[in-house]
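The values are calculated or read from the model by the stated rules, or taken from the named source; none is laboratory data. Just so we're clear, the structure is a prediction, and the values are computed from it rather than from any experiment. Here the Cβ positions follow ideal geometry from the backbone for every residue, glycine too, while neighbour counts run over all protein chains shown.
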Ligand code: NAD
């Protein structure tokens, strides 16, 4: 039985860890957040005091981290995990830029370390229910080596390509669409509300019409209908990913006018204090903006 390491025991990481522990794996982990560590220990995980200790103990080491800065610190910083060959396979499930995928790969190659860039989709529910989608970039033989473990965590495991950033490219396209749908749902529901259309009935009707989407289902039923925006997937994280997607478009000198508008829209929502809420809270921001406009303040 393999010994698994996990760095980043947050909304996505913790349920994955819980599933691995339930399957009987030994799991060691690291996080800077005390509350997360306590929960990890209560589930049966073994904490370590420095990330690089995990590369000495574990066959496979996952990371699920909130920003590029943190990923760089964990991989390259003092006590980091990418500075010598130990035989551990490193799998980064965080969403980072293609540039960072390449930077990590170049260093991994230098130390003869196996590294896969494997962003995931499916949200916290997917993480809990083992229905995540893994979009993996990197060597196929390394993918084959770890796919039995990925199959315990997700339902759809794709080797996108040998190119290290291939999975990330797919993931960024996915999250660009999430940005579109989330904004569309927010504005559509706001209009419906103003027209006194019952939002539950609207969902039932649009759920069997072309206006349906998985994001409408997710954002409405799990968050907007309950007026509860505890994340989930925060607006901060969505904005991070939209920035990566737009950077990619800019590299190819593409004009994507709606995507650029979205970036501005989400940037302002984050500036106005919505960043730590689930992305579905964009609906509340749209409502707030409308009332400011109707009061002649916009
Ligand atoms: P999160 O903020 O809930 O979890 C991140 C964890 O990393 C936290 O427990 C935090 O304490 C820990 N952390 C922060 N700095 C650290 C450090 N220096 N050392 C060790 N641990 C540190 O974020 P999340 O929602 O779990 O997302 C993690 C990654 O997965 C992100 O890259 C995100 O874009 C991606 N993702 C999230 C979702 C989602 O629905 N939440 C879906 C798909 C992909």
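Residue-by-condition table, conditions (1) surrounded by fewer than 19 Cβ atoms within 10 Å (Cβ to Cβ); (2) within 14 Å of the ligand (Cβ to nearest atom):
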| residue | (1), (2) |
| --- | --- |
| 214 | yes, yes |
| 241 | no, yes |
| 248 | no, no |
| 264 | yes, no |
| 271 | yes, no |
| 274 | no, no |
| 277 | no, yes |
| 280 | no, yes |
| 290 | yes, no |
Quickly run through the stretch 50-84 and pick out the residues that are within 23 Å of residue 174 (Cα to Cα), surrounded by fewer than 23 Cβ atoms within 10 Å (Cβ to Cβ) and near the ligand (Cβ under 8 Å from one of its atoms). 66, 67, 70
Can residue 222 be described as within 14 Å of the ligand (Cβ to nearest atom), in a helix (DSSP H, G or I), more than 15 Å from the chain's Cα centre (by Cα) and modelled with pLDDT of 95 or more? yes
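Would you say residue 37 is closer than 20 Å to residue 120 by Cβ and touching a strand residue (DSSP E or B) at 6+ places or on another chain (Cβ under 9 Å)? Walk me through how you get there before you give the answer.
Values: closer than 20 Å to residue 120 by Cβ: no; touching a strand residue (DSSP E or B) at 6+ places or on another chain (Cβ under 9 Å): yes.
No: the conditions fail for residue 37.
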In the stretch 1-24, which residue that is in contact with a helix residue (DSSP H, G or I) (Cβ under 8 Å, 6 or more places away or on another chain) and under 16 Å from residue 89 (Cβ atoms) is farthest from the ligand (Cβ to nearest atom)? 2
Matching residues, the stretch 126-149, being surrounded by fewer than 20 Cβ atoms within 10 Å (Cβ to Cβ) and either free of Cβ contacts under 8 Å to residues at least 60 places away in the same chain or outside any helix (DSSP H, G or I) (or both): 129, 130, 131, 133, 139, 140, 141, 142, 144, 145, 147, 148
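Restricting attention to the stretch 104-114, report how many residues are away from the ligand (no atom under 16 Å from the Cβ) and touching a residue at least 24 places away in the same chain (Cβ under 8 Å). I'd like the intermediate steps shown before the answer.
Here is the first cut: in the stretch 104-114, the ones away from the ligand (no atom under 16 Å from the Cβ) are 105-114.
Among the residues that remain, those that are also touching a residue at least 24 places away in the same chain (Cβ under 8 Å) are: 105, 107-108, 111-114.
Number of matching residues: 7.
Going by the structure shown, is residue 173 modelled with pLDDT of 95 or more, buried (at least 16 other Cβ atoms within 10 Å of the Cβ), within 25 Å of residue 10 (Cα to Cα) and away from the ligand (no atom under 13 Å from the Cβ)? Can you show your working first?
On the way: modelled with pLDDT of 95 or more: yes; buried (at least 16 other Cβ atoms within 10 Å of the Cβ): no; within 25 Å of residue 10 (Cα to Cα): yes; away from the ligand (no atom under 13 Å from the Cβ): yes.
Spelling it out, it is not the case that residue 173 is modelled with pLDDT of 95 or more, buried (at least 16 other Cβ atoms within 10 Å of the Cβ), within 25 Å of residue 10 (Cα to Cα) and away from the ligand (no atom under 13 Å from the Cβ).
Go through the stretch 1-83 and tell me which strands (runs of 3 or more DSSP E), entirely inside it, have 2 or more residues that are more than 21 Å from the chain's Cα centre (by Cα).
On the way: elements: 3-7, 26-30, 60-63.
Because the criterion is at least 2 residues that are more than 21 Å from the chain's Cα centre (by Cα), the strands (runs of 3 or more DSSP E) in the stretch 1-83 that meet it are 26-30.
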Do we have residue 210 as more than 21 Å from residue 93 (Cα to Cα) and crowded, with 18+ Cβ neighbours inside 10 Å here? no
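Restricting to the stretch 150-169, what's the tally of residues that are in a helix (DSSP H, G or I) and buried (at least 19 other Cβ atoms within 10 Å of the Cβ)?
As a first pass, look at the stretch 150-169 and keep what is in a helix (DSSP H, G or I): 150-153, 166-169.
Cutting the leftovers down to buried (at least 19 other Cβ atoms within 10 Å of the Cβ) gives us 150, 153, 166-169.
Residues in the stretch 150-169 being in a helix (DSSP H, G or I) and buried (at least 19 other Cβ atoms within 10 Å of the Cβ): 6 in total.
Residue by residue, here is whether (1) within 14 Å of the ligand (Cβ to nearest atom); (2) more than 26 Å from residue 243 (Cβ to Cβ); (3) touching a strand residue (DSSP E or B) at 6+ places or on another chain (Cβ under 7 Å); (4) in the same structural domain as residue 247 (by TED's automatic domain parsing) holds:
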position: 118; (1), (2), (3), (4): yes, no, yes, no
position: 125; (1), (2), (3), (4): yes, no, no, no
position: 131; (1), (2), (3), (4): yes, yes, yes, no
position: 140; (1), (2), (3), (4): no, yes, yes, no
Apart from one, (1) in contact (Cβ under 8 Å) with a residue 60 or more places away in the chain; (2) closer than 27 Å to residue 132 by Cα; (3) more than 17 Å from the chain's Cα centre (by Cα) all hold for residue 265; the odd one out is (2)
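So, in the stretch 85-102, of the ones that are modelled with pLDDT of 95 or more and surrounded by fewer than 19 Cβ atoms within 10 Å (Cβ to Cβ), which residue ends up farthest from residue 251 (Cα to Cα)? Even if it seems obvious, please write down each step before you answer.
So the first thing to find is which residues in the stretch 85-102 are modelled with pLDDT of 95 or more, and the list is 88-102.
Checking the rest, the ones that are also surrounded by fewer than 19 Cβ atoms within 10 Å (Cβ to Cβ) come to 99, 102.
Working: 99: 11, 102: 15 Å.
Within the stretch 85-102, the match that is farthest from residue 251 (Cα to Cα) is 102.
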